[in-house]
């Protein structure tokens, strides 16, 4: 396992997810949302958020998009590509895009642009972590779990080279 330092433990994460769900449920004003998770990192957060919304009386539909702009390398200038589409019709729906981390903003901006063209009645973005130090596109999420510093993170869906994704907490990878 990579050497790391815990930033947000399971208790803090679950409390914050519950707070987000309460806020989102209030903003939905009775609509049934479509939660669109951006793969792969969002799957843990999306599952917890869907259950927290259900506890608030909101029964979401769930689907995923796979988005890539790094390809096999790590070039952040590569174009954003949709690699897995949603199977749901989104016109006139309440759509909440759910992502693990907002860093450069390129993927989220591209996804929101794509989805706006599908004419949802309500479109918002919810990110578990916001890393503004990496932002290259002027974008903000409507709902943010935690703001984080410019460190590499693992856990709660985030990984580094395939390691750490299943950890029940979020941790900063320690430099060795």
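Quick grid of which residues meet (1) in contact (Cβ under 8 Å) with a residue 24 or more places away in the chain; (2) surrounded by fewer than 21 Cβ atoms within 10 Å (Cβ to Cβ); (3) touching a helix residue (DSSP H, G or I) at 6+ places or on another chain (Cβ under 8 Å); (4) in a helix (DSSP H, G or I):
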position	(1), (2), (3), (4)
92	yes, yes, no, no
96	yes, no, yes, no
99	yes, no, yes, no
110	yes, yes, no, yes
123	yes, yes, yes, no
127	yes, no, yes, no
136	yes, yes, yes, no
168	yes, yes, yes, no
175	no, yes, no, no
Sole exception among (1) without any contact (Cβ under 8 Å) to a residue 40 or more places away in the chain; (2) surrounded by 13 or more Cβ atoms within 10 Å (Cβ to Cβ) for residue 59, by number: (2)
Pair list, Cβ under 6 Å, 6 or more apart: the range 29-46 residue on the phi > 0 side of the Ramachandran plot, other residue modelled with pLDDT under 95 and surrounded by fewer than 16 Cβ atoms within 10 Å (Cβ to Cβ): none
Members of the range 41-59 found to be within 22 Å of residue 81 (Cβ to Cβ) and either in a loop (DSSP other than H, G, I, E, B) or in contact with a helix residue (DSSP H, G or I) (Cβ under 6 Å, 6 or more places away or on another chain) (or both), listed by number: 41, 42
Test: residue in the range 17-40 that is out of contact with any helix residue (DSSP H, G or I) (no Cβ under 8 Å at 6 or more places or on another chain), surrounded by 12 or more Cβ atoms within 10 Å (Cβ to Cβ), modelled with pLDDT under 95 and closer than 20 Å to residue 128 by Cα: yes
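The values are calculated or read from the model by the stated rules, or taken from the named source; none is laboratory data. Just so it is clear, the structure is predicted and the values come from calculations on it, not from any experiment. Quick reminder, even Gly has a Cβ in these numbers, built from the backbone with ideal geometry, and neighbours come from all protein chains shown.
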